[in-house]
1. Report, by residue number, each residue of the range 70-110 that is of a type in the set (G, A, S) and not in a helix (DSSP H, G or I).
2. Just to be sure, is F31 under 11 Å from L80 (Cα atoms) and crowded, with 16+ Cβ neighbours inside 10 Å?
3. Report yes if some residue within the range 34-53 is in contact with a helix residue (DSSP H, G or I) (Cβ under 8 Å, 6 or more places away or on another chain) and among the polar types (S, T, N, Q); otherwise report no.
4. Restricting to the range 68-79, name every residue that is among the polar types (S, T, N, Q) and open to solvent by less than 70 Å² (accessible area, probe 1.4 Å).
5. Could you list, in sequence order, the residues of the range 1-29 that are closer than 17 Å to A49 by Cβ and not in a strand (DSSP E or B)?
6. Identify, by number, the condition in (1) in a strand (DSSP E or B); (2) at pLDDT 95 or above that T32 doesn't meet.
7. Check off (1) open to solvent by 60 Å² or more (accessible area, probe 1.4 Å); (2) in contact (Cβ under 8 Å) with a residue 40 or more places away in the chain; (3) within 30 Å of S116 (Cβ to Cβ) for Y94 and give me the number that stays unchecked.
8. Among (1) at pLDDT 95 or above; (2) surrounded by 15 or more Cβ atoms within 10 Å (Cβ to Cβ), there is one condition T99 misses while meeting the rest; what is its number?
Amino acid sequence: QVQLAESGGGLVQPGGSLRLSCAASGSIPFFTVMGWFRQAPGKQRQLVADQTSGGSTNYADSVKGRFTISREEAKNTVYLQMNSLKPEDTAIYYCNAITATKHNYWGQGTQVTVSS
């Protein structure tokens, strides 16, 4: 059984920064892609950023230049550095991991609130 555990969410003022972490545990398969999604109240879950095992990254237009995704494969961990946060970044952030057989794993989510 694989578990993804997120940490690092919280309340931050506009313009501030947060760093999210997601660590995989259990019988960990090889993840071809690890990434982050977010879901704001009343909205669909959307991709924020992901990174392949080869190092290629993909970002939502709304976070380009502000967020940075990184992976530490030896620790089966993915990070999301979020800078210049805006109120519209407020959401529950979910970690996602995809195996070579296209099986999706999800974390339980961590709340990020950007407010003064």
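The values are calculated or read from the model by the stated rules, or taken from the named source; none is laboratory data. Computed from a predicted model, the values in this text were never measured in an experiment. Cβ coordinates were reconstructed from backbone atoms using ideal geometry, including for glycine residues, and neighbour counts include every protein chain displayed. All accessible areas refer to the heavy atoms of the entire protein, side chains included, with ligands and DNA or RNA removed. Shrake-Rupley method; radii C 1.70, N 1.55, O 1.52, S 1.80 Å.
1. Of everything in the range 70-110, those that are of a type in the set (G, A, S) and not in a helix (DSSP H, G or I) turn out to be S70, S84, A91, A97, A100, G107, G109.
2. Values: under 11 Å from L80 (Cα atoms): no; crowded, with 16+ Cβ neighbours inside 10 Å: yes.
Criteria not met by F31.
3. yes
4. Within the range 68-79, S70, N76, T77 meet the criteria.
5. The answer is G8, G9, S17.
6. T32 satisfies every listed condition except (2).
7. Of everything listed in (1) open to solvent by 60 Å² or more (accessible area, probe 1.4 Å); (2) in contact (Cβ under 8 Å) with a residue 40 or more places away in the chain; (3) within 30 Å of S116 (Cβ to Cβ), Y94 misses just condition (1).
8. (1)
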